[in-house]
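Notes to accompany the following structure.
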Amino acid sequence: MTNLNYTDWTWLDTNDTGAEWRIVVDKNFILDNPANLWQNRTNIPILQGTNKDEYSMFELLNLLLNVSGSNSVSDYNEAKLKSAFEPLFTQYLGQNVDEVFKIVENVYLPSNMAANDSLAWFKAYSDVFTGAYFTATTSKEIDNWLWNNNTQVYLYQFTYPSKLGLWYPTPGWNPVPHSSEVYLIWMQEYIWNSSILYGTISQTDYAMANFFGQTWTDFAKNIMPNSTLGWTPTSLDDHNYYDIGYVSKNRDAYRREDVILWNKVIPKLAGNSQTPTQTTTQACNNAVNIKISIYSAMSIGLILLL
């Protein structure tokens with residue numbers, strides 16, 4: 001590809017052709033569908049997890065940039081959630097999409113919430129797509145390792161709501177967005193210096209940074225997280241995981257509602273053995289866009305915080 005003119009394909013970025021940058025099985029770099037490849041992987045020690053409110057990052061970014069014509073949490077409601085849900089999952093669910101949407105609402109909406117509670121709808125928006133795109137798929141990947149008899153799989157959830165790098169505050173809610181742990185692991189100076197300047201850093205941030213530094217180093221050196229934590233490998237029986245938060249501890253049943261809904265209930269209703277994010281073209285495209293958004297968000301954060 002080094003001999004090709006890059007302008008031969010850059011037009012795809014600026015034209016709505018439907019020819020997105022899709023991941024394909026080319027039999028060269030990607031030899032087969034990942035749904036098949038996992039069965040032949042060599043078992044290695046695994047440390048894998050998610051943040052509590054992964055998808056909130058992308059909605060906060062959308063609000064910041066006014067991507068969807070909205071720059072306020074007050075614009076979130078049932079219609080907005082449904083308008084995001086249906087285009088992504090209609091291909092997978094077919095005529096069951098409305099029924100499944102009601103199930104999704106019953107799982108993620110508080111039973112006593114008011115219909116006009118926009119913050120609750122914003123949280124639900126984050127919860128729905130965090131479950132679909134992050135936690136359910138993480139659980140599926142963990143299961144793949146465990147089905148291969150990998151006995152060194154460590155699972156975690158990050159639940160500490162640091163203000164480091166949080167560029168769009170949401171009064172009444174302190175989310176733990178996608179990539180919020182990155183600032184505690186890599187210690188980017190522009191993020192920390194800005195937080196110190198504006199007084200948004202806390203002693204817990206320092207303690208959490210020390211935790212990540214020690215624990216991730218211990219895993220790399222000793223094939224297990226910090227030995228003083230009592231953090232045990234996860235299992236198929238209870239999906240035990242380590243909660244990294246204000247009170248860090250071992251817990252059972254990693255994201256149980258997400259796992260049951262997206263990996264079991266919804267595939268059953270769709271009559272499909274694969275999960276929605278494994279088979280839905282739009283979902284795959286969205287996943288690619290999410291990867292791109294990560295870099296955009298970090299660039300924007302850098303500009304805003306300098």
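The values are calculated or read from the model by the stated rules, or taken from the named source; none is laboratory data. Predicted model, so just to flag it, every value in this text is computed and none were measured. Cβ atoms come from the backbone with ideal geometry, glycine included; neighbour counts cover every protein chain shown.
Annotations
- Test: residue in region 66-74 that is under 24 Å from the mean Cα position of the chain (by Cα), surrounded by 12 or more Cβ atoms within 10 Å (Cβ to Cβ) and at pLDDT 85 or above: yes
- Any hit, region 201-221, residues being at positive phi and not acidic (Asp, Glu): no
- Among residues of region 138-163 that are β-branched (Val, Ile, Thr), those with a beta-carbon under 7 Å from a residue that is part of a helix (DSSP H, G or I) at least six positions away or on a different chain give the pairs VAL153/ILE142; VAL153/TRP145; VAL153/LEU146.
- In this entry, THR7 is excluded by the filter for residues that are exposed (fewer than 10 other Cβ atoms within 10 Å of the Cβ) and either within 30 Å of THR151 (Cβ to Cβ) or modelled with pLDDT under 75 (or both).
- For TYR168, the stated conditions hold: it is of a type in the set (Phe, Trp, Tyr), surrounded by 17 or more Cβ atoms within 10 Å (Cβ to Cβ) and in a loop (DSSP other than H, G, I, E, B).
- Qualifying position, being surrounded by fewer than 17 Cβ atoms within 10 Å (Cβ to Cβ) and either at pLDDT 95 or above or on the phi > 0 side of the Ramachandran plot (or both), among LEU155, LEU184, LEU146, LEU119: LEU119
- Pairs with Cβ under 9 Å, 6+ apart, first in region 42-66 and over 20 Å from ASP143 (Cα atoms), second at pLDDT below 95 and charged (D, E, K, R): LEU63/ASP75
- The one condition in (1) surrounded by 21 or more Cβ atoms within 10 Å (Cβ to Cβ); (2) farther than 30 Å from SER202 by Cβ; (3) within 18 Å of the chain's Cα centre (by Cα) that HIS178 fails to fulfil: (2)
- For ASN62, the conditions (1) touching a Ser or Thr at 6+ places or on another chain (Cβ under 9 Å); (2) modelled with pLDDT of 90 or more; (3) under 30 Å from ASP243 (Cα atoms) are fulfilled apart from (2).
- The set of residues in region 239-260 being out of contact with any Phe, Trp or Tyr (no Cβ under 9 Å at 6 or more places or on another chain) and either within 13 Å of TYR154 (Cβ to Cβ) or charged (D, E, K, R) (or both) consists of ARG256 alone.
- Per-region count, region 171-206, residues assigned to a loop (DSSP other than H, G, I, E, B), in contact (Cβ under 8 Å) with a residue 24 or more places away in the chain, of a type in the set (Gly, Ala, Ser) and over 16 Å from PHE58 (Cβ atoms): 2
- If you filter region 19-72 down to residues that are among the aliphatic types (A, V, I, L, M) and assigned to a loop (DSSP other than H, G, I, E, B), you find that the one that is nearest to ILE223 (Cα to Cα) is ILE44.
- Odd one out for SER179, checked against (1) closer than 30 Å to ARG41 by Cα; (2) in contact with a Pro (Cβ under 8 Å, 6 or more places away or on another chain); (3) at pLDDT below 95; (4) not basic (Lys, Arg): (2)
- The listed residue being closer than 30 Å to TYR254 by Cα and modelled with pLDDT under 90, out of ALA19, ALA35: ALA35
- Filter pass, SER235 being in a loop (DSSP other than H, G, I, E, B), hydroxyl-bearing (Ser, Thr, Tyr), more than 20 Å from VAL176 (Cβ to Cβ) and touching a residue at least 60 places away in the same chain (Cβ under 8 Å): yes
- Filter result for GLN152 (over 19 Å from TYR55 (Cα atoms) and not hydrophobic (A, V, I, L, M, F, W, C)): yes
- Among the residues listed as ALA253, ALA220, ALA209, ALA297, the single one being closer than 26 Å to LEU60 by Cβ and modelled with pLDDT of 90 or more: ALA209
- Matching residues in region 104-122 - criterion: being touching a residue at least 60 places away in the same chain (Cβ under 8 Å) and out of contact with any helix residue (DSSP H, G or I) (no Cβ under 7 Å at 6 or more places or on another chain): none
- Flag for ASN272 being closer than 19 Å to LYS52 by Cα and polar (S, T, N, Q): no
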